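Notes for the one structure printed next.
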Amino acid sequence: MSSDDLEIIGFDPLNAETPQSRLAESITPPESVYVRTNFGVPRLDADHHEIQIDGAVAAPFAIDVSELRQMPRISYANTMECAGNDRLSMRPVPRGEPWKGGAISTTSWTGVPLRDVLARASIADDAVEILVEGADCGERADADGKGPVRFARALPIADALAPQTLLALEMNGAPLTPVHGAPVRLVVPGWYGMASVKWVTRLSVLTTPYAGYFQTRRYVYKQGALIEPVRRMRVKSIIVAPADGVVANMGTLRVWGWAWSGDGTIERVEVAAGDGAWQPATLDARTSSHSWVRWQREITLERPGRLVLRSRAIDSSGAAQPDVAAWNELGYGNNAIQATIIDVRR
Ligand SMILES: Nc1nc2c(c(=O)[nH]1)N[C@H]1C(S)=C(S)[C@@H](COP(=O)(O)O)O[C@H]1N2
Ligand SMILES: [Mo]
């Protein structure tokens, strides 16, 4: 891992962004996939690692990684964004990791659908959520109880049983690396990254909603007494080129970038130059329903001087990117329209 591969936000716990230059790739190079950890990185032995399956099931059991590798597997490309991405451009800047815009990557995942593993346990009819526990834990000053808090998240049963919710063993065609959850992690397409629990040790079937620290104290849109869980990725787009600060000659310029949404598919992307009208961009053919889609638009640069370029995406649920995303105490879900500023020369 060279220093250009990731932009380090913090070393302990390790948090690092995908550099803006690497966001030009449709599949993020593995060494540049953003890293988000709340605690240390557990080093688990793939040859002996087991996942326990228990709770409201007919038959609790354990499955090891070598057994998972024998089961039918699926692969797909998926865009994962941290809910705290672009927190730094909220005002006032909320507490939490100071992410700029690089807490997002697109990777291909290979693994066993979670529902195929759960099917072996016969889930109770009144199950409401699947609790997924990671191997990592640590102290939290604001936790309710005493002692270490484990990274654990519960997923609504419908999302847990969705055909593409994976126990992933590989990223970009290679076994998971320690920072990305080796030997096995959950991948929940469409959801912000926190749902995709790394270093999975236990799956527990719940008949009442889970209220653990990382479910109710973090990953919630909080504004005073208002608390709403963070779930799917809000519709968003980024401009990849031209990069901020580029000097461009008058004439035509191709503007391109990515758009994604966890609430539906991208229906439209529009581009605005200066105070001009929104102009429709063309979208590339979609390769995976969970992956960001490339858009582009040629614009005409008519005058020298500074020019603000903006893109806005609209998804199939009808949601559009807002000018300003609703501020919340923990700084999640910032999908506001972004500006790229270029310098036009004669
Ligand atoms: N066990 C565990 N899983 C975890 C986390 C964590 O701290 N511990 N962080 C989550 C968050 S907030 C995000 S955004 C994604 C990031 O995955 P990545 O580091 O592989 O990019 O992992 C999620 N899974
Ligand atoms: Mo995250």
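Just so it is clear, none of the values below were taken in a lab; they were calculated from the coordinates. Everything numeric here is computed off the predicted structure, so don't read it as measured data. Every residue, glycine as well, gets a Cβ built from its backbone with ideal geometry; the counts of neighbours run over all protein chains shown.
Applying the criteria of a DSSP loop state and at most 15 other Cβ atoms within 10 Å to the GluC sites (Glu not before Pro) of the stretch 1-92 yields 25. Restricting the stretch 133-197 to GluC sites (Glu not before Pro) that sit in a DSSP loop and have at most 14 other Cβ atoms within 10 Å of their own Cβ leaves 139.
Please list, or write none, the aspartates and glutamates whose alpha carbon is within less than 13 Å of the alpha carbon of residue 222, excluding same-chain residues fewer than 8 places away. Partners found: 329.
Equivalent-ellipsoid semi-axes for the chain (Cα gyration tensor, √(5λ), whole Å, largest first): 37, 21, 19.
Counted over the chain, the DSSP beta bridges are approximately 90% antiparallel. Rg over Rh for the stretch 1-72 works out to 1.14, using Cα positions for both radii and the Kirkwood form for Rh. In a DSSP loop and with at most 14 other Cβ atoms within 10 Å, the trypsin sites (Lys or Arg not before Pro) in the stretch 36-74 are 43. Candidate cross-link partners of residue 236 among the aspartates and glutamates, defined by an alpha-carbon separation under 12 Å and a same-chain spacing of 8 or more, comprise 81, 86, 263, 267, 270, 315, 323.
Please work out whether the stretch 1-143 counts as rounded, prolate or oblate from its C-alpha gyration tensor, where a ≥ b ≥ c are the square roots of the eigenvalues and a/c under 1.5 means rounded, while otherwise a/b larger than b/c means prolate and anything else oblate? Cα axes put the stretch 1-143 in the prolate bin.
Given +1 at the Cβ of Lys and Arg, -1 at the Cβ of Asp and Glu and no other charges, the dipole of the stretch 31-157 around its Cα centre is 540 debye to the nearest 20.
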